[in-house]
Amino acid sequence: MIDQPVEAIEVHTYVVPTDAPEADGTLSWSSTTLVLVRVHAGGTAGMGWTYGPRACAEVIGELLVDAVLGHDALDVAAAAERMRRTVRNAGRPGAVGYAISAVDIALWDLKARLLGVALHRLLGAAHETVAVYGSGGFTTYDSGRLREQLGFWATEQHIPRVKIKVGERWGSAVGRDLARIAEARSVIGPDVELYVDANGGYQAKQAIRVAAASAESAVSWFEEPVSSDDLDGLARVRAAVTCDVAAGEYGTDVSYFARMIAAGAVDCVQADVTRCGGITEWQRIAAVAAGHNLQISGHCAPHLHAHVAAATPNLRHLEWFHDHVRVENMLFTGTLDPTGGTVRPDRTALGHGLSLREDIAVGHRVSHHRIDLHDRPGHTSQDRRRERDAGACRESTVGEEP
């Protein structure tokens, strides 16, 4: 295939209200912001997004566009490296890393569509199905809502693992945390795995005490018992509890995860493809984890994780997060069914198989911008002539034998 220069980039920001007030151990929110990127080349477009602040859209327009526009859409690794170098002075953690992730995912989706294959097959499928766990159980939920949500996952969708939020008010409501853990176990029964997520709300010894006090509820996954920046604290908790300790959702490059693994901080690496640098960086992180005999789990954004998860040999599972599942089912076609506790990426669909429901999405859009190669400063008449020649070459070869 001849070069496929990126011709345009679109950036859209959508804000979707939650269906009820939501909170975890350290934060509360009433809406979800999605920054979506479309990258155009060869008469098609690839799509990616991140769940991050609106500032991600500004980062893409100001810093990342020139690292992608005009370059070959098939060379995703080269684009990822250019983006990484471009943000040196801006700093990569946080919103900048989230913005890189959205563009990287869009480029991988575009490449798969240009080559006419499903994304997980382009990456190299390692699994036909991907295990998921139901995730929600927000600290704002009353008993009735908690029971309804957990019961739906466990008894209607038959998902054999579920997670609730604990660490309420920065660990100052331990009594309620323990009562909710016990209630969750009573709802799901003895055969469904129970996970808890403190979002860094506890101190290390406090987290150890919570794990001991909830032993009868058989919690098997303790996510961010302390801040993910406290690698020593994570390691202390991990050494003292029997459940698996997981963290990593805020990591934005492979070096972060290398430090976390070297510190002995986790039993399972948790990465977010919409934050860690996209699919390019996810694969590097998974390889580092595999080199230390650790598995990797996908954090949130389940439909963007499904394909790269299916192509990751040392995958444990991905998070079927209530808020993001609701947003993705609302805004996209091609979403997946978790009944039975797994999802199966579509081998017949191109790319990640998702398409935006334009008629619904427009009602939630708060900003949109398109940058075309022809409009960029320094794009010369010679550049345009070269593109026209490439287009003529493509037209002349339609229907010919390769």
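The values are calculated or read from the model by the stated rules, or taken from the named source; none is laboratory data. The structure displayed is predicted, hence computed values, not measured ones. Note: ideal-geometry Cβ built from the backbone for every residue, glycine included; neighbour counts use all protein chains shown. Side chains are part of the model used for accessible areas, which takes the heavy atoms of the whole protein and leaves out ligands, DNA and RNA. Shrake-Rupley method; radii C 1.70, N 1.55, O 1.52, S 1.80 Å.
Assessment of the stretch 8-16 against the conditions (open to solvent by 10 Å² or more (accessible area, probe 1.4 Å), of a type in the set (G, A, S), farther than 21 Å from V117 by Cβ and part of a strand (DSSP E or B)) yields no matching residue.
Among the residues of the stretch 218-233, those identified as at pLDDT 95 or above and either open to solvent by 10 Å² or more (accessible area, probe 1.4 Å) or more than 29 Å from the chain's Cα centre (by Cα) (or both) are A218, V219, S220, S227, D230, L231, D232. Just one of the listed residues (G48, G70) is open to solvent by less than 10 Å² (accessible area, probe 1.4 Å), under 24 Å from L115 (Cβ atoms) and at pLDDT 95 or above, and it is G48. The single residue among P93, P190 that is surrounded by fewer than 24 Cβ atoms within 10 Å (Cβ to Cβ) and at pLDDT 95 or above turns out to be P190. Inside the stretch 233-258, can you point out the residues that are touching a helix residue (DSSP H, G or I) at 6+ places or on another chain (Cβ under 8 Å), assigned to a helix (DSSP H, G or I) and over 23 Å from A287 (Cα atoms)? Passing the criteria: G233, R236, V237, A240. Residues in the stretch 239-278 that are buried (at least 18 other Cβ atoms within 10 Å of the Cβ) and in contact with a Leu (Cβ under 7 Å, 6 or more places away or on another chain): V245, A247, M260, I261, A265, V266, C268, V269, V273, T274.
In the stretch 111-147, which residues are in a loop (DSSP other than H, G, I, E, B) and surrounded by 20 or more Cβ atoms within 10 Å (Cβ to Cβ)? Correct list: G136, G137, F138, T139, Y141.
Considering only the stretch 150-168, I want to know if a residue exists there that is farther than 17 Å from S297 by Cβ, at pLDDT 95 or above, aliphatic (A, V, I, L, M) and outside any helix (DSSP H, G or I). Yes, the stretch 150-168 contains a residue that is farther than 17 Å from S297 by Cβ, at pLDDT 95 or above, aliphatic (A, V, I, L, M) and outside any helix (DSSP H, G or I).
I2 meets the conditions (1) open to solvent by 40 Å² or more (accessible area, probe 1.4 Å); (2) of a type in the set (A, V, I, L, M); (3) modelled with pLDDT of 95 or more in every case but one. The failed one is (3).
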